[in-house]
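Working notes, structure below.
The values are calculated or read from the model by the stated rules, or taken from the named source; none is laboratory data. Because the structure is a prediction, the values reported are computed rather than measured. Every residue, glycine among them, receives a Cβ derived from its backbone with ideal geometry; neighbour counts consider all protein chains shown. Remember, those area values only see protein heavy atoms, side chains included, never the ligands or the DNA or RNA. Shrake-Rupley method; radii C 1.70, N 1.55, O 1.52, S 1.80 Å.
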Amino acid sequence: HDHIYMEQENDWDRDLLLDPAWEKQQRKVRASESPGAAAGACAMRYLFYNNNNYYYYLFFKAKIVDGNAKMTLGMIWTIILRFAIQDISVEETSAKEGLLLWCQRKTAPYKNVNVQNFHISWKDGLAFNALIHRHRPELIDYDKLRKDDPVTNLNNAFEVAERYLDIPKMLDAEDIVNTARPDEKAIMTYVSSFYHAFSGAQKAETAANRICKVLAVNQENEHLMEDYEKLASDLLEWIRRTIPWLENRAPEKTMTEMQQKLEDFRDYRRVHKPPKVQEKCQLEINFNTLQTKLRLSNRPAFMPSEGRMVSDINGAWHKLEGAEKGYEEWLLNEIRRLERLDHLAEKFRQKAAIHESWTDGKEAMLTQKDYETASLSEIKALLKKHEAFESDLAAHQDRVEQIAAIAQELNELDYYDSPSVNARCQKICEQWDALGSLTQSRRESLERTEKQLESIDELYLEYAKRAAPFNNWMEGAMEDLQDMFIVHNIEEIQGLITAHDQFKSTLPEANKEREAIQAIQAEVQKIAQYNGIKLAGNNPYTTITPQSIDKKWEKVRSQLVPQRDQALQEELARQQSNDHLRRQFANQANMIGPWIQNKMEEIGRISIEMNGTLEDQLTHLRQYEQSIIEYKPNIDQLEGDHQLIQEALIFDNKYTAYTMEHLRVGWEQLLTTIARTINEIENQILTRDAKGISQEQLHEYRTSFNHFDKDHSGVLQAEEFKACLISLGYDVENDKQKRTGIMDSDDFRALLISTGNSLGDAEFGRIMGIVDPNNSGAVTFQAFIDFMSRETTDTDTADQVIASFKILAGDKNYITAEELRRELPPDQAEYCIARMAPYTGPDAVPGALDYMSFSTALYGESDL
């Protein structure tokens with residue numbers, strides 16, 4: 001029959017269309033009292049409009065013309081069932097049940113429509129209109145239809161279907177409305193035409209949805225990449241601007257200027273750096289999340305621009321912290337230097353003033369010619385006086401040397417006012433040399449006349465000899481009592497207090513010497529009075545009077561010693577306060593340091609242990625993170641204590657081995673570690689949800705991973721990773737995975753023996769290339785999970801996306817911009833148009849786009 005049909009198809013079509021029996025037979029079927037009359041008419045229309053002319057011709061000639069309606073209708077229904085309904089299947093149901101289920105799902109949202117069968121449920125015409133509106137809402141205004149006007153509803157649906165959907169009108173509205181129970185086969189035949197008309201549109205919708213999903217993932221990933229590049233550039237630029245400031249070692253001249261630099265540095269530590277620490281941590285988290293999303297969507301790994309890798313940022317950050325540490329050390333050393341310089345300069349000025357005061361008038365005294373007119377006794381007195389002066393001069397030699405030594409030290413320490421110091425020191429030294437020369441010259445003159453002068457008052461001489469050293473001792477004591485001091489700890493101030501106590505213990509002996517000197521002067525007065533000698537003024541051998549000795553002694557005893565006591569006690573109180581600050585900082589630091597270390601160890605244990613689900617672990621870690629954040633006030637308090645220590649110029653602390661710098665680094669590492677651990681758990685949840693991995697599988701993977709992570713480092717070496725794969729039943733040699741669960745030691749040894757105690761080298765090398773692309777020799781848990789999920793779950797591929805585009809393109813090897821805009825949302829359609837290369841195949845048309853190269857580029861298999 002097929003052969004005959006192929007040769008005579010045109011003749012049959014012409015005969016059927018011209019055969020007057022067509023209209024006659026239709027009328028006959030309509031007039032028949034058979035329940036299937038309407039179905040027969042519908043069936044004949046179906047065969048005619050669906051080009052089944054061969055069957056129609058046979059049955060028409062064989063039976064219909066002969067008037068056997070029952071046989072005709074039965075055979076026609078068999079043909080329709082075979083060619084139009086039998087291939088309909090929804091969720092593995094029969095053709096009829098599948099078609100009914102399809103209708104129920106499509107019409108479920110519409111009011112007054114309840115499809116339960118293929119007869120009564122279609123009588124009011126709303127079900128037909130609902131099917132059309134569901135797929136082509138622009139063709140029908142469903143809200144204007146009324147349930148009480150079935151004829152209008154049916155005619156509207158049939159006319160729209162025939163005009164816009166190429167579905168022939170197989171039934172008349174009157175055939176359905178005027179029948180108590182419309183013919184089920186006729187309705188089913190008509191509805192099957194709607195099913196076939198709309199099934200192609202559903203395939204296009206599915207394909208469009210797949211493409212939208214893939215493009216949305218790609219757009220989101222590109223946005224994350226742009227955010228990373230911007231954040232990395234901003235952070236590196238800040239580091240680039242900050243490091244030169246920290247490396248600037250231009251010293252200041254005064255303590256005030258250096259203190260301002262230190263305050264600027266503290267402001268940088270408190271205000272400017274903490275936000276950048278947070279940005280650095282967030283940058284690493286964003287980078288890890290982006291890489292996880294790229295792996296989960298089967299995209300190539302993200303490679304940042306040159307110089308913006310996480311390792312580059314860490315290197316720049318390390319350089320910043322090195323510059324920061326060096327800058328702080330330089331600041332503190334400069335402050336110490338300036339403090340030392342200020343102390344030495346003040347000491348120089350004080351000693352120089354005392355010396356200049358002593359030398360005032362000495363040159364005039366040494367150059368006078370009083371010995372030329374003096375008597376013998378006066379000459380002898382002058383000679384003895386000169387000897388006393390020489391003794392005093394020798395005593396002042398030490399002070400001059402001290403002045404020169406201080407000036408030399410100020411020069412070596414680069415004191416900013418060194419020129420004026422050097423000029424003053426030079427003047428003192430030159431004056432001292434001149435005094436030496438003048439002293440020698442005067443001695444020679446006195447000795448020339450000494451032979452002529454013999455009368456010397458022994459008592460005056462003895463007074464002068466004893467008064468001069470005692471006076472020098474008092475001046476030295478006064479100088480020492482007024483001398484400035486600087487100490488850095490309690491031991492040093494206690495040493496000064498001890499020395500001062502020792503000095504005070506010598507005062508009784510000194511007082512005895514003073515009384516002895518005053519007794520000499522009293523004896524002189526007594527002898528002179530007794531012998532009636534009129535003394536001519538003061539002691540000729542010395543300018544030191546008893547009144548000056550008493551005055552200086554009283555000043556030492558009643559004024560300078562108490563002032564020195566008070567100054568030492570005040571400094572002792574300050575050093576005790578400093579020691580309290582040291583202890584206060586040490587007590588807090590000795591608690592915070594171990595606390596940070598313990599928290600780091602606990603986070604390490606949490607990341608290894610598996611208590612509860614991943615969500616439970618994430619909740620636990622976030623609570624743990626909150627507890628760490630709540631500990632921040634202790635760090636702030638310690639920063640305050642540290643600031644007090646620096647303001648007090650305390651540079652050492654024997655009560656603790658912790659420094660603020662160490663604790664800052666530990667605190668920042670703790671915050672970074674907990675944030676990184678939370679991010680790892682979130683990535684595991686993301687992997688589990690995206691790949692459909694069960695909680696039990698994740699638990700099994702983690703248990704096996706921890707079992708072979710002997711050193712608890714969080715990574716597996718190559719041999720440990722190989723053993724872990726074998727323990728999970730992964731047969732690399734056969735290139736497939738067999739899950740057998742975690743093995744005990746006996747089973748594991750048996751498996752090693754059975755596999756030759758090794759995996760296939762080539763296959764294992766392939767696996768290591770996946771989990772360790774950088775050839776570091778170690779496998780992280782996240783890489784391990786990614787590999788296992790990739791091996792056990794299905795993912796979108798470039799071939800699937802190409803197949804979806806092929807559906808939208810109508811099986812063409814290219815697609816046009818108009819087709820993309822029609823099938824995809826506007827933003828994703830424009831995304832594709834902007835990135836697709838022109839199609840250059842032999843079947844290309846103007847505006848054709850190459851969707852194949854675009855799809856492979858999405859998965860890193862080619863370049864756009």
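Overview of values
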{"item": "Cα-derived Rg over Rh, computed across region 213-343 with Rh taken as Kirkwood radius", "result": "1.19"}
{"item": "Near-label residues of region 340-366 by backbone N, under 11 Å of a point 7 Å along Cα→Cβ of Asp417", "result": "342-343, 345-350"}
{"item": "Two-site label geometry, Val845 and Glu615: point separation in nm, points 7 Å out along Cα→Cβ", "result": "5.1"}
{"item": "Test item: Cα-centred dipole of region 213-343, Lys/Arg +1 and Asp/Glu -1 on Cβ, debye", "result": "280"}
{"item": "Two-site label geometry, Ile490 and Ala657: point separation in nm, points 7 Å out along Cα→Cβ", "result": "2.3"}
{"item": "Those residues of region 472-506 whose amide nitrogen sits under 14 Å from the label point placed on Arg336, 7 Å along Cα→Cβ", "result": "487-489"}
{"item": "FRET efficiency, 1/(1 + (r/R0)^6) with R0 60 Å, evaluated for Leu262 and Arg622 via beta carbons", "result": "0.95"}
{"item": "Ser441 paired with His196, simple spin-label distance in nm, labels 7 Å along Cα-to-beta-carbon", "result": "14.2"}
{"item": "Per-pair calculated FRET efficiency, R0 = 51 Å: Leu572 and Asp370 via Cβ, rounded to 0.05", "result": "0.45"}
{"item": "Length released on extending from Asn298 to Arg270, taking residue separation times 0.36 nm less the Cα-Cα span", "result": "5.7 nm"}
{"item": "13 Å beta-carbon shell around Asp501, net charge (K/R +1, D/E -1)", "result": "+1"}
{"item": "Segments 318-328, 180-190 sorted - mean Cβ within 10 Å per residue, highest first", "result": "180-190, 318-328"}
{"item": "Heavy-atom surface of region 798-859, accessible at 1.4 Å and reported per residue (Å²)", "result": "47"}
{"item": "Average accessible surface area per residue within region 213-343, 1.4 Å rolling probe, Å²", "result": "51"}
{"item": "Rounded Å value of the spacing that divides the Cα centres of region 295-372 and region 470-507", "result": "30"}
{"item": "Calculated FRET value between Glu346 and Arg240, using beta carbons and R₀ = 56 Å, to 0.05", "result": "0.85"}
{"item": "With every protein chain in place, region 220-305: carbon and sulfur % of accessible area (1.4 Å)", "result": "54"}
{"item": "Of all accessible heavy-atom area on region 798-859, the percent that carbon and sulfur account for (1.4 Å)", "result": "57"}
{"item": "Distance between region 619-682 and region 796-814 - C-alpha centres, whole angstrom", "result": "56"}
{"item": "Distance cut-off 16 Å, percentage of C-alpha pairs in region 798-859 lying past it", "result": "37"}
{"item": "C-alpha center-to-center spacing [region 124-172, region 205-227] in angstrom", "result": "37"}
{"item": "Sequence of Ser627, Ser192 when ordered by accessible area, the most exposed leading, probe 1.4 angstrom", "result": "Ser627, Ser192"}
